[in-house]
Amino acid sequence: MAPLGQIETTIVQSATPENVDTVMVDGRILKRRGKLVGLDVDCIVVQAGASAKRLRTQAGGRLKMPG
């Protein structure tokens, strides 16, 4: 990610999750050494899919979910 004209813009436009080693929010570490900590990713993905389906249905559309 070079050259860095404006570091914030470069990070937003060029960085990927692989570029992030550690994430701390409100004193809690959520990502360490590139791995999510204390999060059930599979559960989050299922919940996000259900939420997307519910929102799409409430908006009057249909969402075909895999499986």
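Quick notes on this structure:
- Here each label is just a point 7 Å from Cα along the line to Cβ, and for V37 and N19 those points are 2.3 nm apart.
- Sites E8 and Q47 - FRET efficiency at Förster radius 22 Å, r taken between beta-carbons, to 0.05: 0.15
- Around the amide H of K31, modelled in the peptide plane, lie the amide H atoms of V23, V37, all under 5 Å away and 5 or more residues distant in sequence or on another chain.
- Stokes-Einstein diffusion coefficient of the chain, Kirkwood radius over Cα pairs, 4 °C, 1.567 mPa s, in µm²/s: 86 µm²/s
Readers should treat all values here as calculations from the given coordinates under stated rules, not as data from a laboratory. In this text, all values refer to a predicted model and were calculated from it rather than measured experimentally. Here the Cβ is made from the backbone with ideal geometry for all residues, glycine too, and neighbour counts use every protein chain on show.
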